[in-house]
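All remarks here apply to the structure that follows.
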Amino acid sequence: MQLGMAMWQYLLIGLIGGNALFIGLGGIVHWWYYVRNRDNSQRWKIQPERFLAKRLDREAMWLGIFNYNLATVVMATLAWGVFEHGWSRLYFDFAEHGWDYTVLSLFLCWLFIEAAAYYMHAGGHLPWFYKRFHYIHHRYSTPTFWTISAMHPLEWIAHASYIALPAFIIPMHIGVYMSVVAMTFILGYWDHCGIKFPRIPLHGSNRFHDDHHKYFHVNFGFTCNLFDRIHDTARREGHHYDELTFNGGQGIVRKPEALGERAMGPALKY
């Protein structure tokens, strides 16, 4: 499927549309909650007593905008290759593989992105990687809309890469792929905004990822807590977590005698 557009047109559309969404929508959300309703934070904020310092807030905004545009350039270039030169394994007719495979491909695409997000994120919390790259993202211990992309640029590109990769390895309808990507970004904003939003079935509460920023080396999952449950890296009651607690996402049990035979507290429900 060719649209007959040059690469610069893809870049222009991506940069204008992306910035209108990120800066426009992000600015409105930030102004409404963090400026206009700041004094009512007990009603809407997950961490109502904590706000980023103005310097960190500005840093998160500009770093987030820079990284967002960096990823947009990469994604727009890939979109040009997909639509104009057929680089990917995406197809445009549902009849090509049938509806059963369409559902399967949606699941496979989601699973690939979720698994890659979890393992790359958990890897970023290993001491060597954390102290050189991922610590930047955790400067923002009470996240806002801007912090979804406020991280080391190389780390941001790495995250963008596993979102793009399924299009090149899994045959699927373009609508399926775009739906999974859209869901991934929407949940990313949802989880980083710091605002009390309703619980979403399967995804859970956005307090799960907010707690990741608050407690650091725990709750690594992105769209759900599946891999946290498999690897026992979800936050547990009675466990201590802080930025220096590199313990495989399990924290430190300071009073094991109070937690029974396994010396492990129950996982928190989000």
Original post:
Would a scan of segment 108-121 turn up a residue that is at pLDDT 95 or above and touching a strand residue (DSSP E or B) at 6+ places or on another chain (Cβ under 9 Å)?
Top reply: yes
Original post:
Of the residues Phe83, Phe92, Phe22, which is in contact with a Leu (Cβ under 9 Å, 6 or more places away or on another chain) and touching a residue at least 12 places away in the same chain (Cβ under 8 Å)?
Top reply: Phe83
Original post:
Is it fair to say Trp80 is within 29 Å of Ser161 (Cβ to Cβ) and surrounded by fewer than 16 Cβ atoms within 10 Å (Cβ to Cβ)?
Top reply: no
Original post:
Only one of Trp62, Trp32 is more than 22 Å from the chain's Cα centre (by Cα), loosely packed, with under 14 Cβ neighbours inside 10 Å, modelled with pLDDT of 95 or more and among the aromatic types (Phe, Trp, Tyr); which?
Top reply: Trp32
Subject >> Residue list for segment 213-227, filter: within 22 Å of Val181 (Cβ to Cβ) and buried (at least 21 other Cβ atoms within 10 Å of the Cβ) >> reply: Phe220, Gly221, Phe222, Thr223, Asn225
**OP:** Run Arg139 past the list (1) buried (at least 18 other Cβ atoms within 10 Å of the Cβ); (2) more than 12 Å from the chain's Cα centre (by Cα); (3) under 22 Å from Ile23 (Cβ atoms) and report the number of the one that doesn't hold.
**Re:** (1)
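So, in segment 149-194, exactly how many residues are of a type in the set (Val, Ile, Thr), over 28 Å from Arg139 (Cβ atoms) and out of contact with any Cys (no Cβ under 9 Å at 6 or more places or on another chain)?
Result for segment 149-194: 2.
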Original post:
Of the residues in segment 111-134, how many are without any contact (Cβ under 8 Å) to a residue 24 or more places away in the chain and in a helix (DSSP H, G or I)?
Top reply: 7
Subject >> Scan of segment 1-23 for residues that are exposed (fewer than 11 other Cβ atoms within 10 Å of the Cβ) and in a helix (DSSP H, G or I), ordered by number >> reply: Trp8, Ala20
Subject >> Test set (1) small (Gly, Ala, Ser); (2) free of Cβ contacts under 8 Å to residues at least 40 places away in the same chain; (3) under 23 Å from Met183 (Cα atoms); (4) surrounded by 14 or more Cβ atoms within 10 Å (Cβ to Cβ) - Ala71 fails condition number >> reply: (2)
**OP:** Report, by residue number, each residue of segment 35-47 that is part of a helix (DSSP H, G or I) and surrounded by 14 or more Cβ atoms within 10 Å (Cβ to Cβ).
**Re:** Ser41, Trp44
**OP:** From His203, His152, His173, grab the single residue that is over 12 Å from the mean Cα position of the chain (by Cα), over 29 Å from Glu237 (Cβ atoms) and free of Cβ contacts under 8 Å to residues at least 40 places away in the same chain.
**Re:** His152
Original post:
Do we find a residue being farther than 22 Å from Phe227 by Cα and surrounded by fewer than 19 Cβ atoms within 10 Å (Cβ to Cβ) anywhere in segment 101-110?
Top reply: yes
Original post:
Hey, Ala182 hits all of (1) more than 17 Å from Ala60 (Cβ to Cβ); (2) crowded, with 22+ Cβ neighbours inside 10 Å; (3) within 12 Å of the chain's Cα centre (by Cα) but one; which does it fall short on?
Top reply: (2)
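The values are calculated or read from the model by the stated rules, or taken from the named source; none is laboratory data. The model shown is predicted, which means the values in this text are computed figures rather than measured ones. All Cβ positions, even for glycine, are placed from backbone atoms using ideal geometry, and neighbour counts span all protein chains on display.
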